[in-house]
Amino acid sequence: DLVEGGLVGVQSTFTVFARDQFGNRLLGGGVLWELLIYQPQGMGLHTTVLMTDFEDGTYEISFEPRVAGMHSIIIMLDYVPIEDVPFDPTYRALDGVMQPAYSRLVTEWGTQWIGVLQA
């Protein structure tokens with residue numbers, strides 16, 4: 001799953017699909033991942049992370065961001081980061097004010113437009 005961000009204090013959940021070196025989906029469990037979630041502004045590692053192994057090659061990861069800002073999520077297998085990491089989702093405070101740095105328009109066919117919002 002694509003990790004895009006969310007709200008501080010609200011559980012964030014994403015799924016990792018295990019694959020072999022050829023990109024084929026693994027259909028069993030037991031892969032030992034290392035997961036690092038860095039909080040913004042030098043706040044260190046997020047220490048409370050739950051990983052569920054569904055024993056079918058999928059792993060659900062969830063955590064509750066405690067501070068607003070961009071986090072950095074690194075997923076490693078055998079001390080090697082998986083492809084396309086880190087993920088850098090941004091979490092914002094639940095203040096009722098939307099202040100996205102950019103917007104993404106998504107339809108049933110996928111992403112159609114990504115751009116910077118201007119006032």
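Things to note:
- Estimated vicinal HN-Hα couplings, Hz - region 8-22 in sequence order (Karplus 6.51, -1.76, 1.60; Gly, Pro = x): 5, x, 10, 4, 9, 10, 9, 10, 10, 9, 6, 9, 7, 5, 9
- FRET efficiency, 1/(1 + (r/R0)^6) with R0 35 Å, evaluated for E34 and E4 via beta carbons: 0.95
- Evaluating 6.51 cos²θ - 1.76 cosθ + 1.60 at θ = phi - 60° for every residue in region 69-76, the Karplus couplings come out as x, 7, 9, 10, 10, 10, 10, 10 Hz, glycine and proline recorded as x.
- Summed side-chain charge close to T48 - residues other than T48 whose Cβ falls under 14 Å, Lys, Arg +1, Asp, Glu -1: 0
- Reciprocal mean inverse distance between Cα atoms of region 26-86 - Kirkwood radius, Å: 12.7
- Each principal axis of the Cα cloud of region 1-42 was taken in turn, and the coordinate range along them, longest first, works out to 36, 19, 18 Å.
- Label separation (D56 vs S72): 3.5 nm, computed from points 7 Å beyond Cα along the C-beta direction.
Throughout, read-outs are computed from the coordinates displayed, never taken from laboratory work. Predicted, not measured: the structure shown is a model, and the values here were computed from it. Neighbour counts are summed over all protein chains in view; Cβ atoms, including those assigned to glycine, are modelled from backbone coordinates with ideal geometry.
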